[in-house]
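Working notes, beginning with the structure itself.
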Amino acid sequence: MTLFTLNNDNLMKRTGKVAFVFAVILAIFTVVYYQFSHNVYSDYMTYLALIPFLAVCVPAFIFERLNLPLPGYYSYHLYLSGIAALTVSSGLRGIFDIAGNDSVYQVYLAAFGAVCTISGVVLYVIERIKGKGKGVNVEGIKEIGVREDVNVEGVKEIGVREDVNVEDASVKVVEE
Amino acid sequence: MKIIKRLISWTPIYSLLLVAYTVFTLLDAFVIPHDMVKLSALEEGGEVSAATGETDGSTEKGDRHKPSGSGDATTDGSTEKGGGHKPSGSGDATTDGSSGKGGRHKPSGNGGGPRSRSEDGSSGGESTTSDGETRRRPGGEGSHKPSEKPGGRKESADGTESGGRQKPSRTKSSEGGGNGASDDGTDAQTAVKTPETGTDTYSSDGLTVKLTTKKVNDTYVYVADVVVEDVDSLQAGLAEDTFGRNVSEDTSVIAERLSAVLAINGDYYGFRNAGYVIRNGYLYREKASSDDQEDLVIYKDGSFEIINESEVTAKELLEKGAVQVYSFGPGLVSDGKAMVTAGDEVDKAMSSNPRTAIGMVEAGHYVFVVSDGRTEDSEGLSLAELADVMIDAGCKVAYNLDGGGSSTMYFKGEIVNNPTTNGNRVDERSVSDIVYVK
């Protein structure tokens with residue numbers, strides 16, 4: 001079995017920064033939108049920027065500061081996909097509230113976002129339980145691979161985090 | 001190869017999907033027409049499905065008004081003459097451009113003068129002004145004629161602007177000159193014009209309309225006092241003679257097609273998926289809106305009532321004899337007393353806005369009110385101020401309809417107010433329905 005792992009260097013720091021930029025963009029969008037809304041407001045629009053900030057920036061900061069075990073590939077992407085969907089859904093709902101309109105597809109998107117977000121959290125918890133709090137469980141793993149988009153040029157060795165049990169595992173670099 | 005592999009990772013694919021879904025959702029909400037029901041299908045005896053608004057082509061049942069093209073309108077199995085909605089697609093709404101006293105500046109391809117209703121053989125209406133002299137209509141030289149411009153953004157439920165939509169193509173009534181309207185009907189008509197206060201009237205067999213333009217709270221308000229002998233004269237018109245989401249036309253275009261003497265925009269039901277819609281005795285939508293949604297019900301005896309959608313179903317209203325139900329609100333006046341206070345708002349709307357309202361003094365005696373707003377001349381009215389206007393006009397029951405840029409009053413072939421989105425430019429908005437008399 002080959003385990004592909006993320007290039008985790010500063011993963012949470014990068015994630016937090018990107019989410020912060022998105023939050024700032026959404027805040028600007030909200031301010032500009034309200035200039036043309038004739039003093040009609042919607043909570044979904046007002047608090048739009050808080051979603052990526054509270055759901056991504058803050059957890060990323062906590063992960064980084066407390067050096068918490070990183071999420072796996074699927075839990076990471078599921079969670080972020082869900083947050084993105086929830087954010088877009090909130091923006092749409094704000095637009096519709098202000099316009100006095102609605103669309104069932106906005107509700108579908110919100111439901112999809114909620115499912116993905118919750119799934120991502122649940123998957124992370126499962127990952128942690130399986131790893132018994134010791135990071136990645138590599139029991140039975142015969143090789144460790146590097147994801148294709150990771151630049152390994154010049155890398156002489158790949159290490160495994162201290163809390164990973166690699167007893168009897170053989171480690172090699174999987175080139176592109 | 002690296003770039004391709006990078007692009008085929010989850011993030012860009014998901015981002016593209018999300019953007020596409022967002023665009024589709026916005027189109028669905030603001031542009032794509034759906035749930036359409038053609039009135040011509042109803043004429044063939046089809047029954048409107050309340051849930052979907054679709055016809056099934058089956059024989060007319062007893063609890064529906066039949067379009068009056070057959071000469072009868074039936075409801076609950078009984079027969080009543082006259083009234084009902086006449087499909088206008090047949091093009092039998094004609095005018096003969098009869099003259100009126102006092103004269104008026106009115107663009108018309110046939111030489112001016114107010115239109116008359118020739119359909120029922122009634123004589124041409126007479127129009128007089130308060131001073132009996134030739135004077136320009138409210139709106140003056142720049143009386144707003146049906147514009148050929150692509151429709152602006154439609155009016156939102158809370159009086160604000162939103163979205164954009166292509167205006168359905170239509171033919172424009174020919175215009176005379178000299179009233180400030182350019183031949184191509186563009187620049188001269190888009191500037192906000194200062195209205196002239198005064199009164200204007202129209203009377204014919206069975207219909208009397210007295211339009212008063214006045215200034216209330218720094219706002220020009222147009223109050224039309226309507227007296228009809230036959231309460232069926234008070235009717236609803238649909239954009240493109242079609243019920244449906246995102247189906248819209250200018251108020252003036254609908255009014256012109258239906259040969260209306262006086263018309264105002266309705267509740268813009270087509271902007272939403274919920275809220276009762278009953279027009280001319282047909283139930284088009286029975287899905288209730290929010291729990292506290294107040295609707296205006298017009299019964300076949302011409303009386304008005306304000307109800308709450310959580311307390312009664314649309315079908316029950318139909319069974320009680322409702323011929324029109326409007327779902328916008330809030331109710332303004334009930335039993336002659338204001339229902340709104342200074343702090344009330346329409347879905348967090350700004351206090352002062354262009355407004356449209358309809359009220360009843362008694363069955364057969366109605367009041368249509370439109371106010372300007374968002375301009376230097378007209379600040380706009382709050383709901384409480386609008387309620388006061390309706391009470392001053394003698395209304396026992398009054399109801400707020402779609403306002404903001406949708407607010408339009410059409411009288412004797414002209415738009416009498418300054419419909420505007422942002423106050424910089426006069427531009428009529430496409431709406432899904434109108435209320436009119438003829």
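Please indicate, with yes or no, whether at least one residue in segment B:238-250 is at pLDDT below 95, over 17 Å from the mean Cα position of the chain (by Cα), open to solvent by 10 Å² or more (accessible area, probe 1.4 Å) and not basic (Lys, Arg). Checked against the condition, which is being at pLDDT below 95, over 17 Å from the mean Cα position of the chain (by Cα), open to solvent by 10 Å² or more (accessible area, probe 1.4 Å) and not basic (Lys, Arg), segment B:238-250 yields no hits at all. May I ask you to say which residue of B:Val216, B:Val223 is at pLDDT 95 or above and open to solvent by 10 Å² or more (accessible area, probe 1.4 Å)? Step by step, each of B:Val216, B:Val223 is checked, and only B:Val223 is at pLDDT 95 or above and open to solvent by 10 Å² or more (accessible area, probe 1.4 Å). Does B:Gly302 satisfy being away from every other protein chain (no Cβ under 14 Å), part of a loop (DSSP other than H, G, I, E, B) and not hydroxyl-bearing (Ser, Thr, Tyr)? Yes; evaluated as a whole, the condition is true for this residue. Residue count for segment A:34-64 satisfying the condition of being among the hydrophobic types (A, V, I, L, M, F, W, C) and within 12 Å of chain B (Cβ to nearest Cβ): 3. Taking (1) under 25 Å from A:Glu127 (Cα atoms); (2) more than 10 Å from chain B (Cβ to nearest Cβ) in turn, A:Val24 satisfies each apart from (1).
Here B:Ile254 fulfils each of the conditions (1) at pLDDT 95 or above; (2) surrounded by fewer than 24 Cβ atoms within 10 Å (Cβ to Cβ) apart from (2).
In segment B:203-213, the count of residues that are among the acidic types (Asp, Glu), in contact with a strand residue (DSSP E or B) (Cβ under 8 Å, 6 or more places away or on another chain), open to solvent by 10 Å² or more (accessible area, probe 1.4 Å) and at pLDDT below 95 is zero. Inspect all residues belonging to segment A:112-126 and state whether any of them is more than 14 Å from every other protein chain (Cβ to nearest Cβ) and within 16 Å of A:Lys13 (Cα to Cα). Within segment A:112-126, not a single residue is more than 14 Å from every other protein chain (Cβ to nearest Cβ) and within 16 Å of A:Lys13 (Cα to Cα). Pairs meeting the criteria (first residue in segment A:51-66 and closer than 15 Å to A:Lys13 by Cβ, second residue of a type in the set (S, T, N, Q) and part of a helix (DSSP H, G or I), beta carbons under 8 Å, at least 6 apart or on different chains) are A:Val56/A:Thr15; A:Ala60/A:Thr15.
Of the numbered criteria (1) at the interface with chain B (Cβ under 7 Å from one of its Cβ atoms); (2) more than 19 Å from B:Asn246 (Cα to Cα), the one A:Tyr108 fails is (1). Taking the condition without any contact (Cβ under 8 Å) to a residue 60 or more places away in the chain, of a type in the set (Gly, Ala, Ser) and open to solvent by less than 10 Å² (accessible area, probe 1.4 Å), does B:Gly275 pass? Yes: the conditions hold for B:Gly275. State all residues of segment B:224-263 that are part of a strand (DSSP E or B), away from chain A (no Cβ under 14 Å) and in contact with a helix residue (DSSP H, G or I) (Cβ under 7 Å, 6 or more places away or on another chain); if no residue qualifies, say none. The answer is B:Gly237, B:Leu238, B:Thr242, B:Gly244, B:Glu249, B:Ala263. The helices (runs of 4 or more DSSP H) found wholly in segment A:1-120 and carrying at least 3 residues that are open to solvent by less than 10 Å² (accessible area, probe 1.4 Å), within 30 Å of B:Leu401 (Cα to Cα) and not polar (S, T, N, Q) occupy A:73-99.
The values are calculated or read from the model by the stated rules, or taken from the named source; none is laboratory data. On a predicted model such as this, the values are computed, not experimentally measured, just so you know. Reconstructed Cβ throughout: ideal geometry from the backbone, glycine too, with neighbour counts over all protein chains shown. Accessible surface is based on the protein model in full, side chains and every heavy atom, while ligands, DNA and RNA are left aside. Shrake-Rupley method; radii C 1.70, N 1.55, O 1.52, S 1.80 Å.
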